Amino acid sequence: MAQVTWRTSDELVKQVQNLALAEGLSMNEFLNRVMTVAAQSDESDPLAARLRNRLRAAGLLATGTPNGPRPSGDEIARARAAAGSGVPLSEIVSTMRE
């Protein structure tokens, strides 16, 4: 199991402790729930629903939904081929230095 160090203000730590206490959770359990909610969805959990709404309102919730349609396999193959063509960056830099 990994351990993460979190640096923040004493005031925010106290707020998180109070939120955790109000939910009957340790601060560690509460932070784990917040991070899980941010990364996954559990619509059956009322606390998760509240946290997701807050994260969404703050613009911090990844939706997991792409902004547009996924490219086809052919489009990906063409993009990969095009990525390897063109003027090498080293040549551009050398030209700019002259």
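The values are calculated or read from the model by the stated rules, or taken from the named source; none is laboratory data. Since the structure is predicted, the reported quantities are computational estimates derived from the model, not experimental observations. Virtual Cβ from ideal backbone geometry, glycine too; neighbours counted across all protein chains shown.
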Seminar exercise, completed: residue 93 meets each of (1) surrounded by 10 or more Cβ atoms within 10 Å (Cβ to Cβ); (2) at pLDDT below 85; (3) in a helix (DSSP H, G or I) with one exception, condition (1)
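What do you reckon, is residue 37 at pLDDT 80 or above, surrounded by 10 or more Cβ atoms within 10 Å (Cβ to Cβ) and under 22 Å from the mean Cα position of the chain (by Cα)? Can you show your working first?
Numbers: at pLDDT 80 or above: no; surrounded by 10 or more Cβ atoms within 10 Å (Cβ to Cβ): yes; under 22 Å from the mean Cα position of the chain (by Cα): yes.
For residue 37, the condition - at pLDDT 80 or above, surrounded by 10 or more Cβ atoms within 10 Å (Cβ to Cβ) and under 22 Å from the mean Cα position of the chain (by Cα) - is not met.
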